[in-house]
Structure formats: structure tokens, C-alpha cells
Amino acid sequence: MAFIVTARKWRPQKFNDVVGQEHITTTLKNAIKNNRIAHAYLFTGPRGVGKTTTARILAKTLNCTNPVDFEACGECEMCQNIQNGQTLDIIEIDGASNRGIDEIKNLRESVKFAPARGKYKVYIIDEVHMLTRESFNAFLKTLEEPPSHTIFIFATTDIHKVPLTIISRCQRYDFRRIQLDTIKELLNKIAIAENIQIDDTSLTIIAKKADGALRDAESYFDQVVAFCGDKIDHHTIAKMLNLVDDEIYFDISDAVINKNFKVVFEVSKKIYENGWNFVDFVDGLTEHFRNIMTVILTQNSDLIEAAQIYKTRYLNYIDQFSEGDLLRLLNYLNKVNQELKYSQNQKLKVEISLAHMIGLERSSTISSLLSKISEGDVEIQVTAEKKTPYLINSSNFTSKLDIEPSVEDKTTEKKPAATTAPEVKIMASTLKAEKPLSAKQPVITFDEIKSKWDNFANYIAEDNGLILGPFMKSLKLASLEGNNVNVVTEIENAQQTFNMNKKLLNTKISEFFKVPLNLNPKFIQAPSKPENKSQNKLDKNDPYVKIITDELGGKLV
């Protein structure tokens, strides 16, 4: 007897035999049970998931003369003729080779005739999206109002190419991709029936290679059996299908943890010698780190499509990576995958990329650092050497954190120790902090301000001498309270002058003394003088008068 491929030999003959599409088979059985048979069905979904098979089962069930529990019996004469392809009532048409308007005209003519022996004449048109626009248009009227004994079943992998006028006249059923575990279960059942030994890892490799298509999985299974015989080994399968060994991905993730740069060149050499595709390798590495992130986020391996032996190994990474580190690695791998396709030297590109990945330092969030400080997991040391503001430069949170000054502060002149702020160092250890970290504001003494006050007044007068020069010369230092410099003045209109230039003066005084300060003037009304004839005369010692006479060339009359 000639060899029959697994996809044909194990093709389902009943609704209950169809795997992964229970939402469709249950609906069709209920429709038959309740006598709610539609005149047109549209089956859509990926390749190899059971569209044509389900269409044949539906046609056979509708014409079975002795159905059992609304399933075809498979034993009556009508079922036997349908299974052997010897009936005229089930017409299968390939949409790709019968796509012209002439074929559709012939179909419209044949629809008028009653079925030869069965209850229904069923037309199964596979890849219906290949029909031309004219064919679809010629088919509209017949599809909408066919004879009562006629049923149309359309199957397509590209529903977007089917006109909406056709879709609206059919009952649409969307087929799903077959889950990996479902494919593994069915292949294991077939292997047991065929007396073939196969392990879980080998089943996983075949199922992942099929990418949700059961027909593809059965084709790979036949190919593997032809190569390995009755005893299938996963190493042999990986070699035959030219798949990248999963152990390489675990070697890389371990190297990232241990900072082992030697692995980069070992992995690159192995990929090159085995003839593996570098793009496929990066795709697999991306999936590998995705699996690690899944384990860390969910604390289990249920959402990973891998063999059971690898699921157990993924659980060992729960405490080895942080979510932030994995997001950085996945984002980097996605960028590498895009650049690799246009690289002229893919081997060198992969080596550099792997070295970058291993060299990435671990990161930590501010909240986790604060949590460690509050729990006493770090030791805090405070020294007075460098100035504020602070920038955190983190290389490895398990060793040392230095808080350093910004670039702008490094260019400023050094101040005495009394005017500098402390440098904060956080040392990671098991010791607890003896004293909490206290933030000190920069300080300056009243004597320092007093010694430089005249220079500050001249500093203001250089740019704003006409208005602020007289005002500054009229101010007298009173005291220093925190960051507030208290001054007094008796000059008229001084309060209005200060209010108009308050922001400028506070900015200037902070820039000059290099300490955040605020000017706080107190306005004292000058004592009244007795009236006399010279009361309305100008005083030549008045600061405003001196500015007008000395700088603008005015004369006192």
C-alpha cells in the first residue's frame, strides 16, 4: 500500500476530531441540531488550521443518512462515497484555477439542478479570495438567493480581499491558530499510534516551527521520521531543520549576569560554523529575554512556549534581572535586529552587539534605593569636599554610588571649607546607617557680606547705574537672617524702586555672593526739616543729584 502522509491519514472525519476550533465545531453542530442551516458559510483563518477539513465534515454531516449525535456516522453509503470522493453532490472548486467569469457562469447553471442522491448539493470553494472582481459580481445574485437544496462553503486565508458584498451574504467563521500544547498533544498521540519514540523537546521544536499550523506540524513530523526513523532525538531534529540550539541563549543570559565577555566570541564562532542565520539567532535571543521577563513578572512559566526542561531553567532567573534591565535589553535587541538586516558583516555586528549587552551595567530605581536606605541595607558616609548641585553617577548598585557635582560647578572657583556643602557617598553593605542623611544649605556670614557690600553696590551700578546706583548707595546693612539680607534706607521713592527691580536685585546678589540670598529692605521715613527759603533747593550731596551732575553734565542752580 502506498504511503499516505500524516496530514491526510489523520485528517479529522467528525466535528469532535477537529482540534483547536471548538468554538466553530460546536456552533455548526448546534445549527444542525436546531435545523438552522445557512445557505452560505465563509471560513477564514491562517493556513493549515482546518478550514477545508471542517467544510468537508459539514458537507458530509448534512448528507449523512444515519447521523449519530448530529455527527456523520462514517459508515453509511453516502458517507463512504463522500470520503472516497465518489459523489456528485459535493463539489470542491479551487478558486485560484477557476477564478474567471466563465467558470462562475457554469457554476450558476449547475446550481439549478437538484442533488443526485443526498439532501444538499454543497459547493466548497477554496481560496475564494482569488476570484476576480467580475466573478464576484456575477456570483452575487446566486449567492444571496440560491435554491433551497444548495449550500456554499467558502474558505480563504486572506479575508481582506473578499468583497464586503460577498461577506455580508455569508455566515463568517474565524479559525484560530492552533496552540503549541495542542499541536504537541496531537503529535504525541500520532507518534504513539505509529510506534514512534519522541521526547517533549522534539515535540516542542516541531510545534514551534509550525507556527500554529497543524498541517505544517504534521508535514515536519513526516520529515523528521524519515530522517531519524522510529526513535527521534531533539539534537538530530535541530540539526536537520538547521535550528539554533536553545543552549546558546542561556549561555548569553548567564554571560550578561556574570559579565563574561569570552562567551561573545564562542557563540559567534558556533553560529558561523553551524551555518545558522544571524537574523534568526537575534530573533530567538529576543524571544529568550522575553521569556525571562515573563517569568519575572508572573513568577511562573505558564506563558512560555518552550519544552518543560527549559521552563524549569527560566525560573532560575527570577532574582537575576530587574524589569528595567530587561526592557533595556529587549529595546536594544529590537534595534539590533533592524540594523542587522542591512549590515554587510553580520558576524561582526552580532559580536559587537553581544559585547554591548554584556557590558550594560545593572540599573536601579530611586524608590528601591530609598527602600534600601530605610531598611538599613546601605551605609551612608558624609564628607565635606565637593559642592552642590548633585548628580548621581551609578555604575553598580551592589558596590558604590558617588554623588558628584555637576559640570558647571567643576568650573567655578574653590571656596573655603566653611562655604562648601557636603559630598554624599552611599556605600552598599550590610551595615546599618548610624545617622540619617541631613541636607545642609550653603551658608555665608554677615561679616563676609559686609566686607564685600561696597563692591556689590558698584557691581549693580555698572549695568544699572542711572536708577539702581543711587538706590544701592543709600542702603545700609542691618543684619542677616537665614538667606535674607536686611537693609535700611531713608531715600524717597526707594520702595517703588525696589518693587520694580526686586527680581533683578535678588538674582544679582545671589550671583555675586554665590549663595542663594534675598534682599530685604526696610524703608524708614526721613525726619522732617524746618521750612526755610532754601527748602525747595536741591542738595548737592543727594545721590540722584550727584549722578546728574557728575555723569550727565548737569549743573546745580
Inset, instruction - With respect to LYS231, determine if the residue is over 30 Å from GLY50 (Cα atoms) and more than 25 Å from the chain's Cα centre (by Cα). - result: no
Inset, instruction - Can you give me the number of residues within the range 300-333 that are free of Cβ contacts under 8 Å to residues at least 24 places away in the same chain, surrounded by 15 or more Cβ atoms within 10 Å (Cβ to Cβ) and more than 30 Å from GLU185 (Cα to Cα)? - result: 0
Legend entry - Those residues of the range 195-223 which are open to solvent by 70 Å² or more (accessible area, probe 1.4 Å) and more than 24 Å from GLU22 (Cβ to Cβ), in sequence order: ASN195, GLN197, LYS209, GLN223
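Residue-by-condition table, conditions (1) surrounded by 12 or more Cβ atoms within 10 Å (Cβ to Cβ); (2) modelled with pLDDT of 80 or more; (3) in contact with a strand residue (DSSP E or B) (Cβ under 8 Å, 6 or more places away or on another chain); (4) over 18 Å from ASN458 (Cβ atoms):
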{"position": "PRO470", "(1), (2), (3), (4)": "yes, no, no, no"}
{"position": "ALA494", "(1), (2), (3), (4)": "yes, no, yes, yes"}
{"position": "VAL515", "(1), (2), (3), (4)": "yes, yes, no, yes"}
{"position": "GLU551", "(1), (2), (3), (4)": "no, no, no, no"}
{"position": "VAL557", "(1), (2), (3), (4)": "no, no, no, yes"}
Legend entry - Lone unmet requirement of (1) modelled with pLDDT of 80 or more; (2) surrounded by fewer than 16 Cβ atoms within 10 Å (Cβ to Cβ) for ILE444: (2)
Inset, instruction - Please go through the range 230-250 and pick out each residue that is closer than 13 Å to PHE281 by Cα and not in a loop (DSSP other than H, G, I, E, B). - result: ASP246, GLU247, ILE248, TYR249, PHE250
Inset, instruction - Give me the pairs, please: first residue somewhere in the range 135-146 and open to solvent by 30 Å² or more (accessible area, probe 1.4 Å), second residue anywhere and not in a loop (DSSP other than H, G, I, E, B), beta-carbon distance under 7 Å, and either six or more positions apart or on two chains. - result: LEU140/THR165
Legend entry - Conditions (1) surrounded by 18 or more Cβ atoms within 10 Å (Cβ to Cβ); (2) of a type outside the set (Val, Ile, Thr); (3) under 29 Å from HIS235 (Cβ atoms); (4) modelled with pLDDT under 90; number of the one not met by LEU369: (3)
Inset, instruction - State yes or no: is GLY275 open to solvent by less than 80 Å² (accessible area, probe 1.4 Å), among the small types (Gly, Ala, Ser) and closer than 30 Å to ILE358 by Cβ? - result: yes
Inset, instruction - Select, from ILE124, ILE104, the only residue that is in a helix (DSSP H, G or I), in contact with a helix residue (DSSP H, G or I) (Cβ under 6 Å, 6 or more places away or on another chain) and open to solvent by less than 40 Å² (accessible area, probe 1.4 Å). - result: ILE104
Legend entry - In the range 89-113, residue farthest from MET78 (Cα to Cα) [restricted to those that are of a type outside the set (Val, Ile, Thr) and touching a Pro at 6+ places or on another chain (Cβ under 8 Å)]: LYS112
Inset, instruction - Answer yes if at least one residue in the range 63-85 is under 19 Å from PHE152 (Cβ atoms), part of a helix (DSSP H, G or I) and modelled with pLDDT of 90 or more, and no otherwise. - result: yes
Inset, instruction - Report yes if ILE153 is surrounded by 17 or more Cβ atoms within 10 Å (Cβ to Cβ) and more than 28 Å from ASN81 (Cα to Cα), otherwise no. - result: no
Inset, instruction - Output yes when any residue across the range 178-187 is part of a strand (DSSP E or B), modelled with pLDDT of 90 or more and closer than 24 Å to LEU214 by Cα, and no when none is. - result: no
Legend entry - Every residue from the range 2-50 that is within 37 Å of the chain's Cα centre (by Cα), surrounded by fewer than 19 Cβ atoms within 10 Å (Cβ to Cβ) and among the hydrophobic types (A, V, I, L, M, F, W, C): VAL19
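The values are calculated or read from the model by the stated rules, or taken from the named source; none is laboratory data. Please read these numbers as outputs of a predicted model, since none were measured by experiment. As a convention, Cβ positions derive from the backbone with ideal geometry for all residues, glycine included, and neighbour counts pool all protein chains shown. Note: accessible area is taken over every heavy atom of the protein model, side chains too, but ligands, DNA and RNA are not part of it. Shrake-Rupley method; radii C 1.70, N 1.55, O 1.52, S 1.80 Å.
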